Amino acid sequence: MVGHQLPQEDGYRVEPAARRDGRAVVEVLAESFSGYPWTSWIVPAEGHGQRLRALFDLTVTAIALPYGDVWVARGPGAGATIVGGVVVLRPDRQVPPEVWEQAGAAQADVMGDRLAAATQAEAACAGLRPADPHLTVATMAVHPRHRRRGVASALLQPVLALADELRSPTYLETSSEGNVALYRRVGFAVTGRVDIPDGGPSVWAMRREARGTGADEPPG
């Protein structure tokens with residue numbers, strides 16, 4: 001773990017997730033992504049919440065906790081409940097091909113009759129993604145009851161500190177135009193946009209260069 005100060009914001013604190021936190025992170029992600037344009041498009045409406053939980057369980061417990069990094073936001077108050085999380089894939093750690101294969105097969109089962117739409121959406125986004133090694137923000141969410149309190153920005157701080165330590169660019173995608181401004185405030189720039197075919201959502205690709213490399217720009 002990088003040796004930087006983890007942020008605290010308005011009674012919240014951000015810290016690395018432990019394996020025992022996996023279920024709570026999955027619950028927060030599933031609750032937060034209900035109604036999100038991307039997941040609303042690719043995940044079937046029938047059993048939507050259960051399917052979201054299954055998908056995020058794959059992302060968090062099968063991939064990110066063993067091979068990437070997960071940070072959580074806790075608080076406020078004595079209960080220190082997990083109210084947000086961010087999932088990161090790192091350029092210096094490789095997810096074994098067999099893990100991707102197993103996760104892909106499980107994801108296909110979850111997608112059901114929306115598998116073709118999900119595959120088409122992924123193909124549409126493929127051209128947005130950088131070819132050079134990079135840190136990926138795979139997903140991030142703050143529970144609806146805890147938004148607009150600086151929690152999302154606090155969650156991003158250790159992610160960007162890690163990217164700077166690794167001297168790595170950071171990449172993410174969002175299908176919420178409102179999120180674009182949030183990411184711009186911490187130094188990301190829009191590098192592309194695609195409209196998913198057949199009435200799907202728009203997806204913005206965003207990138208932030210590592211600080212101290214000479215290639216970075218001040219936050220917009």
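Out of A124, A17, A106, A64, one residue alone is modelled with pLDDT of 95 or more, more than 19 Å from the chain's Cα centre (by Cα), of a type outside the set (V, I, T) and surrounded by 14 or more Cβ atoms within 10 Å (Cβ to Cβ). It is A106. When the helices (runs of 4 or more DSSP H) confined to segment 32-111 are screened for residues that are without any contact (Cβ under 8 Å) to a residue 12 or more places away in the chain and more than 16 Å from V142 (Cβ to Cβ), those reaching at least 2 such residues are found at 97-111. Only a single item in (1) closer than 16 Å to P158 by Cβ; (2) loosely packed, with under 15 Cβ neighbours inside 10 Å is not met by G84, and it is number (2). Just so you know, in segment 1-14 the residues that are in a strand (DSSP E or B) and buried (at least 17 other Cβ atoms within 10 Å of the Cβ) include one that is modelled with the lowest pLDDT, and it is E9. Checking L172, L115, L155 one by one, the residue that is under 30 Å from R184 (Cβ atoms), assigned to a helix (DSSP H, G or I) and not small (G, A, S) is L155 and no other.
Here R129, R145 are screened, and the one residue that is in contact (Cβ under 8 Å) with a residue 24 or more places away in the chain, charged (D, E, K, R) and assigned to a loop (DSSP other than H, G, I, E, B) is R129.
Can you tell me which residues in segment 164-191 are in contact with a strand residue (DSSP E or B) (Cβ under 6 Å, 6 or more places away or on another chain) and at positive phi? Listed by number, the list holds a single entry, G187.
Residues in segment 175-192 that are assigned to a strand (DSSP E or B) and touching a residue at least 40 places away in the same chain (Cβ under 8 Å): T191, G192. The residue that is surrounded by the most Cβ atoms within 10 Å (Cβ to Cβ), counting only those in segment 159-204 that are charged (D, E, K, R) and over 16 Å from the mean Cα position of the chain (by Cα), is D164. Checking segment 28-38 against the condition returns a match, with at least one residue being among the charged types (D, E, K, R), in contact with a helix residue (DSSP H, G or I) (Cβ under 8 Å, 6 or more places away or on another chain) and more than 17 Å from S175 (Cβ to Cβ). Being within 21 Å of Y171 (Cα to Cα) and surrounded by 10 or more Cβ atoms within 10 Å (Cβ to Cβ) is the filter here; which residues of segment 87-103 pass it? Residues satisfying the conditions are V87, V88, L89, R90, P91, R93, Q94, V95, P96, W100. Of all residues in segment 143-158, exactly one satisfies the criterion of being surrounded by fewer than 19 Cβ atoms within 10 Å (Cβ to Cβ), in contact with a strand residue (DSSP E or B) (Cβ under 6 Å, 6 or more places away or on another chain) and either more than 18 Å from A181 (Cβ to Cβ) or of a type in the set (A, V, I, L, M, F, W, C) (or both), namely H143.
The values are calculated or read from the model by the stated rules, or taken from the named source; none is laboratory data. Note that the coordinates shown come from a computational prediction; the quantities given were computed from them, not determined experimentally. Counting neighbours? That spans all protein chains shown, and the Cβs are built from the backbone with ideal geometry, glycine included.
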